[in-house]
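The values are calculated or read from the model by the stated rules, or taken from the named source; none is laboratory data. Here the structure is a predicted model, which means the values were calculated and not measured. Cβ placement follows ideal geometry from the backbone for every residue including glycine, while neighbour counts extend to all protein chains displayed. These accessible areas exclude ligands, DNA and RNA; they are computed on the full protein's heavy atoms, side chains included. Shrake-Rupley method; radii C 1.70, N 1.55, O 1.52, S 1.80 Å.
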Amino acid sequence: MFRRDTPRGQTMVEFALVLPILMLLLVGFFDLGRVVLANDALSHAAREAARYAIVHGASSANPSSVPNPCPVGPLPAGIVAPAPSASCPHPSPSKESIRQEAIEQAAAAGSRVTVEVCYGAGCVGDTDIPGATNERGTPVTVTVRSTVAMSAAGLVGFSSFSTSSSSTMLVNH
């Protein structure tokens, strides 16, 4: 009988040629997954921060009559903001509590998270519409941005990927 000669080592060479491509694809899928996770985290953070802003709006001329008298954002005329305290570290007109809420909720998006908060219809960035307050019915927009560092994409020139999410709600408190 005749014996077939098998080319020894051919499988090892083919594996050595294919392995880097497979590893690049695998790391690329992880990068894509991190971007999707960051985008989802930013969407959640924007919604939660906007909800925080609408729940902590101005509700009465006497803040002590409210169970949690710590409004955030620009106050309407006639309402006096409480003094900073342990239970209310950033009262109106500060938006810092809203920013902190967004950053806490965006933990999965990475460490480079920026938050913009503005009051009024059509506002942009951190600039409120002139005369906008945190009264019931006023729209508040929270925009959260993050940059995700990429591993595999760095080989083709993409060292990072920027993602953002925005949420607009009406103050209802």
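A few points about this structure:
- Residues of the stretch 110-121 that are assigned to a loop (DSSP other than H, G, I, E, B) and over 11 Å from the mean Cα position of the chain (by Cα): Gly120, Ala121.
- Residue match in the stretch 135-156 (condition: among the small types (Gly, Ala, Ser), in contact (Cβ under 8 Å) with a residue 40 or more places away in the chain and within 13 Å of Ala53 (Cβ to Cβ)): no
- Summed over the stretch 124-164, residues that are farther than 30 Å from Gly28 by Cα, open to solvent by 70 Å² or more (accessible area, probe 1.4 Å) and not in a strand (DSSP E or B) total 5.
Table: residues versus (1) closer than 12 Å to Ala53 by Cα; (2) modelled with pLDDT of 90 or more; (3) aromatic (Phe, Trp, Tyr); (4) not in a loop (DSSP other than H, G, I, E, B).
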site	(1), (2), (3), (4)
Val80	no, no, no, no
Cys88	no, no, no, no
Ile98	yes, yes, no, yes
Ala108	no, no, no, yes
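- Residue within the stretch 74-90 that is touching a Gly at 6+ places or on another chain (Cβ under 7 Å), open to solvent by 20 Å² or more (accessible area, probe 1.4 Å) and either within 30 Å of Ile21 (Cβ to Cβ) or free of Cβ contacts under 8 Å to residues at least 60 places away in the same chain (or both) present: no
- Pairs where the first residue, in the stretch 18-44, is among the acidic types (Asp, Glu) and the second is surrounded by 15 or more Cβ atoms within 10 Å (Cβ to Cβ), C-beta under 6 Å, 6+ apart: Asp31/Met150; Asp31/Ala152; Asp31/Ala153
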